[in-house]
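What follows is one structure encoded as structure tokens, with my remarks underneath.
Derivation of every value follows stated rules applied to the coordinates shown; laboratory data play no part. Computed from a predicted model, the values in this text were never measured in an experiment. Methodologically, a virtual Cβ is constructed for each residue, glycine included, from the backbone with ideal geometry; neighbour enumeration extends over all protein chains shown.
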Amino acid sequence: MENSELYLQRYLEIEKILNDFYQYFDYCLEKCIKPAIGINNGPVAVCCKDKYYKKYDLEDKAFDLLRDEREIRYGKPDQINDHSGVSPCEYHTSVGCALKTHKSPICLSFMCRKSIDNLRDRFNIFQYDYLGFNYALEWILTGDMTGIAYAEFKDSCLDMITKIKNPKKN
Ligand code: SF4
Ligand code: SF4
């Protein structure tokens, strides 16, 4: 396996864990997205206000692989039929982001101040710092994160799920 393939594999493993995390952390859906849909009576962009799937991507082989695999699975940006019309991002459809996997680091890591505060207040989860997560995801893809650091980062992500599933034990 080429290094870039290994880095992408690690990245997708973290993406899966973060997607699991969002199964339990409902703040975005319940407190932001649903109320905004109610007010607008239709699709809402919330924080997807740019073409973030490519805006901050780096010139790097694993980033290229990520984009290639994304386009095979979900189509190229100009092939998305159900564009919401409320976000400049072509992957933003009438029911939200078309990318269930293979998001870019910025899309995967972004949490606004309000959602991070909620994570802290409700679940005592303090390890989520949006820029720190963004850089960590970039380093996983570029290979700048060592295997040991990757294992620690992965444990830290799994720990967030444990905490959010067992709030009384915090
Ligand atoms: S990160 Fe913030 S703005 Fe984006 S969906 Fe969640 S609560 Fe809303
Ligand atoms: S790719 Fe998805 S998460 Fe990223 S900006 Fe577009 S709709 Fe939002």
**Message:** Could you give the length gained by full extension between D68 and R120, i.e. 0.36 nm per residue of separation minus their alpha carbon distance, to one decimal place?
**Reply:** 15.1 nm
**Item:** Net charge over other residues, Cβ less than 13 angstrom from the Cβ of V46 (K, R count +1; D, E count -1)
**Value:** +2
**Fill in**
hull vol. (C-alpha, convex hull) per residue for the chain, Å³ -> 112 Å³
**Message:** If the reach is capped at under 27 angstrom between alpha carbons, list the lysines near K49, excluding any in the same chain fewer than eight residues apart.
**Reply:** K16, K31, K34, K61, K76, K100, K103, K114
**Prompt:** So, in Å, what gap is there between the alpha-carbon centers of the range 108-131 and the range 8-67?
**Reply:** 14 Å
**Complete:** Residues R120, R10 in order from fewest to most other beta-carbon atoms within 10 Å are R120, R10
